[in-house]
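S.K.: Sharing a structure, written as structure tokens. Questions coming.
The values are calculated or read from the model by the stated rules, or taken from the named source; none is laboratory data. The structure presented is a predicted model; accordingly, all values stated were derived computationally and were not measured. Reconstructed Cβ throughout: ideal geometry from the backbone, glycine too, with neighbour counts over all protein chains shown.
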Amino acid sequence: MRCKQMWFCLLFLASAPLRLPDAGAAGSEEAVVAHVIDGDSLELRQGGRTCQARLWGIDTPEYDQDFAEMAKNYTRRMAEEKTIAISRKYTDRFDRVVVLAWVNGILLNEELVKNGLAWVHVRYCHEEICRSWRQLEQEARKQRIGIWGGDRPVPPWQWKSRQRGKKTRRD
């Protein structure tokens, strides 16, 4: 029985396509984006299982914020129903896998920042790559691209905090 299982695993591995998304993505794996939940949240399908994933190091506008739909549509155009390469960072408190995600070799997390559709998350993004993302964010701000074209955009983490405060005051 064990021999048959090993043979099946070897056959499966031999038939699985190998794709390296980027030299910086050691330890990556493939998944299909089954559904885009919002600009930085995805439902991934891997081997018959689904899970929710969150793009690491960035934050896109929340549902009721300006540009939320634009960020979601951008992510949808880039990734929905496509096979992507992911590099897992950790699992968050909501049981989502937090990832770096590449679509055809393009780092989706970075593209959202570059196109003015995401903030570099000040609380979570402290690795070397975050420095270049902050530069991309500054460039998008200067060019008034996406969220930076609006009047004084509010980062989602501050916006959520304000919304919680409003709910408490009404109760």
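S.K.: Which one of these is more than 22 Å from Glu139 (Cα to Cα), among the basic types (Lys, Arg), without any contact (Cβ under 8 Å) to a residue 12 or more places away in the chain and assigned to a loop (DSSP other than H, G, I, E, B): Arg77, Arg93? Working first, answer last.
M.R.: On the way: Arg77 fails: assigned to a loop (DSSP other than H, G, I, E, B).
When all the criteria are applied, what remains is Arg93.
S.K.: Which of (1) assigned to a loop (DSSP other than H, G, I, E, B); (2) modelled with pLDDT under 95; (3) surrounded by 11 or more Cβ atoms within 10 Å (Cβ to Cβ) does Trp157 not meet, given it meets every other one?
M.R.: Looking at each condition in turn, Trp157 falls short on (1).
S.K.: Restricting to the stretch 96-122, and then to whatever is outside any strand (DSSP E or B) and aliphatic (A, V, I, L, M), can you tell me which residue is surrounded by the fewest Cβ atoms within 10 Å (Cβ to Cβ)? Spell out how you get there, then give the answer.
M.R.: Narrowing the stretch 96-122 to residues outside any strand (DSSP E or B): 96, 104-105, 108-118, 121-122.
Subsequent filtering for residues that are aliphatic (A, V, I, L, M) retains 108, 112-113, 117-118, 122.
Working: Leu108: 23, Leu112: 27, Val113: 27, Leu117: 26, Ala118: 33, Val122: 12.
Restricting to residues being outside any strand (DSSP E or B) and aliphatic (A, V, I, L, M), the top hit is Val122.
S.K.: Looking at the stretch 38-46, is at least one residue under 21 Å from Trp159 (Cα atoms), of a type outside the set (Phe, Trp, Tyr) and more than 11 Å from the chain's Cα centre (by Cα)?
M.R.: Within the stretch 38-46, not a single residue is under 21 Å from Trp159 (Cα atoms), of a type outside the set (Phe, Trp, Tyr) and more than 11 Å from the chain's Cα centre (by Cα).
S.K.: Within the stretch 60-70, can one find any residue that is exposed (fewer than 10 other Cβ atoms within 10 Å of the Cβ) and at pLDDT below 50?
M.R.: Scanning the stretch 60-70 turns up no residue that is exposed (fewer than 10 other Cβ atoms within 10 Å of the Cβ) and at pLDDT below 50.
S.K.: Take the residues in the stretch 123-152 that are touching a residue at least 24 places away in the same chain (Cβ under 8 Å) and closer than 17 Å to Lys89 by Cβ; name whichever of them is surrounded by the fewest Cβ atoms within 10 Å (Cβ to Cβ).
M.R.: Filtering the stretch 123-152 for residues that are touching a residue at least 24 places away in the same chain (Cβ under 8 Å) and closer than 17 Å to Lys89 by Cβ, the one surrounded by the fewest Cβ atoms within 10 Å (Cβ to Cβ) comes out as Arg123.
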